[in-house]
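K.L.:
Below are the structure tokens for one structure; questions will follow.
Coordinate-derived values only; no laboratory data. Note that the coordinates shown come from a computational prediction; the quantities given were computed from them, not determined experimentally.
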Amino acid sequence: MATGNKNNKSNRKAIRFPHDLIEQVEEQSKKENTNFSAWVIGACREKLNKPNKK
């Protein structure tokens, strides 16, 4: 059963961003013709796919 915070494919997670970072992400996501959430998810996946430097 789906709720407001969870469904079969995703969960909602509240995180805090600095105001200037939000502005930068919103500006860039508009340039890339995507939305804020899709842009952040893509950035997280990109970061997770990079090899760790130790």
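K.L.:
For Cα extents along the principal axes in Å, the listed values are [x] 52, 26, 13; [y] 38, 31, 22; [z] 42, 14, 8; which was obtained by calculation from the structure presented?
P.N.:
[y]
K.L.:
Please list, or write none, the lysines whose alpha carbon is within less than 28 Å of the alpha carbon of K13, excluding same-chain residues fewer than 8 places away.
P.N.:
Here the lysines satisfying the reach criterion relative to K13 are K30, K31, K47, K50, K53.
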